[in-house]
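A quick write-up on the structure given underneath.
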Amino acid sequence: MELAHIALANKDHGTAYKCYEYVLSLGRNDANYVQARIGSVRTRYEQLTDLPEPASADLQELDRKASETLTELGLAQPTMDLLRDQAHLNAYYLNDHARAKELLEKAIALPTIDPKTRAFLKLDLGDVNLLAGDIWDASLLYSQVDLDFKYDVLGHEARLRNAKVSFYAGDFLWAQGQLEVLKASTSKLIANDAMELSLRITDNLGLDSNSVPLSYFARAELLRYQHRYDEALIVLDSLDDAYPGHSLGDDILYERFRIAYARHRYADAAVHLDKVLEVYPLDILVDNALLDLGKLYEDRLNDPEKAKTYYERLLFEQTGSIFVPEARTRFRRLRGDALEAPPEPTAPVPQP
């Protein structure tokens, strides 16, 4: 089992899967059977969702296996991570929002799970509601987690998501109030995300308090999150046409990158990020762009040498960035250095 965990941590899905299958072959009486049963399905989930375009038939087969495993092992604390994977699979890959909601609501109602697990399930359900267009249902769930874990990083994450809901709805001042508090979060990533969104609001409302361009952008971002990519691009094009040279230009480029990435148009995605670096070299999004370009060339465009150049630029040009540790780890791995552990993902990753 230890070998399976190491292989999975290093994204060696094939080896991890073989390890779990070997344990399963020992029979149900083996002490590690339950862990291996869950691990086998979750490994397949990670393997498929790591692909640019997983086959629909494979995704449906994975959903079936997840259901079989949950039926066999039952809904309880040990199987909650698998259930969350299955809900995510249905919501973001199989486009079955109702099924995802049903799975999560059933789990939330379980009396035997611990409060933190229930909170994670509520965040997941909030995300699915947002994806399905039920933004106020999403806000209610985020608010519940914020209230229950007010002084915990989990509560901070819930408040950040709620601030984004207010941003999408055009309530920029309320969102700004929440973001000001989150800038002091003990989580560097949450504090960084709060700072970025707060600056976007501050920089783009303008002295005349004209919120129309920012409202356009917020609408486009929500449409992209909901996988309504053509509609999002229409809004972004309208924004560019109506307000040429607006201070949202860097954010618009980044949103175009996220849409291109989600559509697996990786060369186009790289063009948008390179333009961020070219046109806005002093912008707050530069370190994000450098890391995302490195990951794009490393993971999708299969150009490790070019990936190294972006990681190196981040290391030397953005020394105060919270993304420096990941860039350093990735750079050293591509250079062939021995690493103790794989890098932890930190940069904004587009939703599937």
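The values are calculated or read from the model by the stated rules, or taken from the named source; none is laboratory data. None of the values given here were measured: they were computed from a predicted structure. FYI the Cβ positions are ideal-geometry reconstructions off the backbone, even for glycines, and counts take in every protein chain you see.
Miscellaneous remarks
- LEU285, sole failed condition from (1) surrounded by fewer than 22 Cβ atoms within 10 Å (Cβ to Cβ); (2) modelled with pLDDT of 95 or more; (3) among the aliphatic types (A, V, I, L, M); (4) under 18 Å from the mean Cα position of the chain (by Cα): (2)
- Which listed residue is modelled with pLDDT of 95 or more, over 27 Å from LEU301 (Cβ atoms) and not in a helix (DSSP H, G or I), from LEU75, LEU70, LEU83: LEU75
- Only helices (runs of 4 or more DSSP H) whose full extent lies in segment 1-59 are considered here, and the ones with at least 3 residues that are more than 26 Å from the chain's Cα centre (by Cα) and either modelled with pLDDT under 90 or under 21 Å from GLU298 (Cβ atoms) (or both) are 13-25.
- Of everything in segment 131-150 that is over 21 Å from ASP81 (Cα atoms) and either touching a residue at least 60 places away in the same chain (Cβ under 8 Å) or aliphatic (A, V, I, L, M) (or both), the residue that is surrounded by the most Cβ atoms within 10 Å (Cβ to Cβ) is ILE135.
- For segment 193-238, a tally of residues being farther than 30 Å from HIS97 by Cα and not acidic (Asp, Glu) returns 15.
- Residues of segment 162-191 satisfying the condition of being closer than 23 Å to SER321 by Cβ, surrounded by fewer than 21 Cβ atoms within 10 Å (Cβ to Cβ) and not aliphatic (A, V, I, L, M): GLU180, LYS183, SER185, THR186, SER187, LYS188
- Count of residues meeting criterion [of a type outside the set (Phe, Trp, Tyr) and farther than 25 Å from ASP152 by Cα] in segment 176-227: 25
- Residue in segment 19-31 that is among the charged types (D, E, K, R) and within 27 Å of GLY133 (Cβ to Cβ) present: no
- Members of segment 1-48 found to be of a type in the set (D, E, K, R) and under 21 Å from LEU89 (Cβ atoms), listed by number: LYS11, GLU21, ARG37, ARG42, ARG44, GLU46
- Filter result (in contact (Cβ under 8 Å) with a residue 12 or more places away in the chain, surrounded by fewer than 17 Cβ atoms within 10 Å (Cβ to Cβ) and within 27 Å of LEU51 (Cα to Cα)) within segment 68-93: PRO78, ASP81
- Which numbered condition ARG159 fails, given (1) basic (Lys, Arg); (2) surrounded by fewer than 20 Cβ atoms within 10 Å (Cβ to Cβ); (3) within 24 Å of GLU196 (Cα to Cα); (4) in contact (Cβ under 8 Å) with a residue 12 or more places away in the chain: (2)
- Within segment 205-259, the set of residues being of a type in the set (D, E, K, R) and within 20 Å of the chain's Cα centre (by Cα) comprises ARG219, GLU221, ARG224, ARG228, ASP251, GLU255, ARG256, ARG258.
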